[in-house]
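Computed from the coordinates by the stated procedures, all read-outs in this text should not be read as laboratory data. Just so it is clear, the model here is predicted, and its values are computed rather than measured. Every residue, glycine as well, gets a Cβ built from its backbone with ideal geometry; the counts of neighbours run over all protein chains shown.
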Amino acid sequence: MDYKNKKIKGVLKQDYQFFSHGLEGVAAFETSISYIDGKDGILIYRGIPIGELAERSTYEETAYFLIYGSLPTKAELKKFSNDLENHISLDTEDIKWLKDFPVAAHPMDVLNTCVSLMSLSEGGDYEIGRESDLKAGIQIMGKMPSIIAAFDRIRKGKEPIPPDNKLSYAANFLWMLNGEKPKEKEARILDLCLILHAEHGVCASTFATLVTSSTMADVYSSIVSGIGTLKGYLHGGANEQVIRMLERIGAPENVEKYLNEATKKKEKIMGFGHRVYKALDPRARILKNYARDLTGKRDEVLFKTALKIEKFMEKKFGPKGIYPNVDFYSGFVYKALGIPTDMFTSIFAIARSAGWIAHILEYRESSRIFRPRGIYSGPVNVKYIPIKAR
Ligand code: CMC
């Protein structure tokens, strides 16, 4: 475009059909994977309310449902679980990589790097299409829990534990992490957390995955984009930051002072607010009950601090539609299961891999590259000054 002799403001805006900061309120494609009613706090996966799936399904079944579009038969579920199991083991090369990583590395960076490493085995032969995408997606889903569990053991000076293929996906993770067979209740609770985190519409990480896959990049690259995007503390990284914030506050009696100061400075309170929900996130309601049940003596003060924060926030921000989101209470559940705080966001990523894969496959069917505009507000007609003259 020739900008010469044109007034920039007003003229350039004609180039754009629509402007929405942060794409708020914009729909860019159709999906039948999930729906959020933000006004009434409702979330459905392919038509089924999240509470019902959390109560009655398993993570493997929910993942199948999201990815393939219908609830599996017994045989389909068995095959899908076997496919995941076939990829769960780490080979000696994977373990060698993990042993070479710095022990101080963040688990999300380990996960991201390992998914990227997995793509190397394709040797540049990846053919974009449902078959390759599914194969890669299932491989990633199968390996993610093993990577995180093995990395945690290695950084603690322990040897990784091979998976036990008699265990469920969630139970296997706890076994590989802790080296003890989890109690049925513990495995079931992690399973439930994975179901609650498996899918959430066009959140930032799913959008990032789709932006990448819309260029006809492979599933590995797309999921690497998703993991990187989930890491930020405005998205999945908030679950880790909630616990860090609670530890900084220290006790219920410090809540008011902390929050008054933080909100005066316009700081965001971790675990509150959502772009879509203007009511209580239904996942937060479920997780709060489990957090209450599971939190023992050791974290009682932290839990009471959280309850006080919720009360304060409800009074001050409830009228603005700011309520606890999925990340506010999930950390208590993970803590009770013996999962280290810096691994919380990785659990979110492991669970969300199902939603990412489902969206990649769905979007491929009517794919169009994502390519929005930025409204140019810079100068025009600037003269180039040679370096010697600057
Ligand atoms: N604490 C205090 N004020 C808040 C918060 C919060 N957590 N969230 C939103 N607000 C206020 C914000 O200051 C703004 O006020 P004003 O209109 O006076 O300027 C108003 O509410 C709208 O906020 P926004 O930042 O424009 O909202 P957004 O839709 O761009 O951001 C969000 C959504 C989730 C990034 C934001 O609520 C936030 O930063 N929350 C804290 C981080 C967090 O818990 N993230 C996890 C999100 S849920 C799980 C996930 O998807 O990963």
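Points worth noting:
- Length added when fully stretched, ASP164-GLU314, from 0.36 nm per residue minus Cα-Cα: 49.6 nm
- Mean Kyte hydropathy of -1.0 or more with a Cα span along the axis of at least 18 Å, helices from DSSP in the chain: 107-120, 130-155, 184-197, 282-294, 300-317, 344-364
- FRET efficiency estimate (nearest 0.05) - Cβ-Cβ, PHE19 to LYS383, R0 41 angstrom: 0.85
- Between SER121 and MET216, the modelled label-to-label distance comes to 2.6 nm, taking each label 7 Å out from Cα in the direction of the beta carbon.
- For the chain, the residue among TYR64, LEU210, ILE48 whose Cα projects farthest onto the positive side of the dipole built from Cβ charges is LEU210.
- Charged-residue dipole, Cβ positions (Lys, Arg, Asp, Glu), the range 1-141 about Cα centre, Debye nearest 20: 780
- Ratio of Rg to Rh over the range 127-274 (Cα coordinates, Kirkwood Rh, two decimals): 1.04
- In order along the range 19-25, phi translates into HN-Hα couplings of 10, 9, 4, x, 6, 4, x Hz, rounded to whole numbers, per the Karplus curve 6.51 cos²θ - 1.76 cosθ + 1.60 with θ = phi - 60° and x for Gly and Pro.
- Simple Cβ-charge dipole of the chain, Lys/Arg +1 and Asp/Glu -1, about Cα centre, in debye nearest 20: 2040
- Three semi-axes of the equivalent ellipsoid, the range 238-336, Cα gyration tensor, whole Å, largest first: 19, 17, 11
- Calculated [θ] (222 nm, deg cm²/dmol) that DSSP helices of n ≥ 4 give over the chain, each run adding -39,500 (n - 2.57): -17500 deg cm²/dmol
- Proportion of all alpha-carbon pairs of the chain beyond 34 Å (%): 33
- Ranked by the mean number of other Cβ atoms within 10 Å of their residues, highest first, the peptides 266-277, 251-262 come out as 266-277, 251-262.
- Projecting the Cα atoms of CYS193, PRO107, GLN17 onto the dipole axis of the chain, where Lys and Arg carry +1 and Asp and Glu carry -1 at the beta carbon, places GLN17 farthest toward the positive end.
- Paramagnetic reach from ILE369 in the range 201-238 [backbone N under 16 Å; point 7 Å along Cα→Cβ]: 210-218
- Modelled spin labels at PHE29 and ALA251, positioned 7 Å past Cα toward Cβ, are 5.2 nm from each other.
- Each peptide among 89-102, 138-151, 228-241 gets the average number of other Cβ atoms lying within 10 Å of its residues, and from highest to lowest they stand as 138-151, 228-241, 89-102.
- Shape call, the range 98-175: gyration tensor on alpha carbons, a/c limit 1.5: oblate
- Sites ARG56 and LYS266, calculated FRET efficiency, Cβ-Cβ separation with R0 45 Å, nearest 0.05: 0.60
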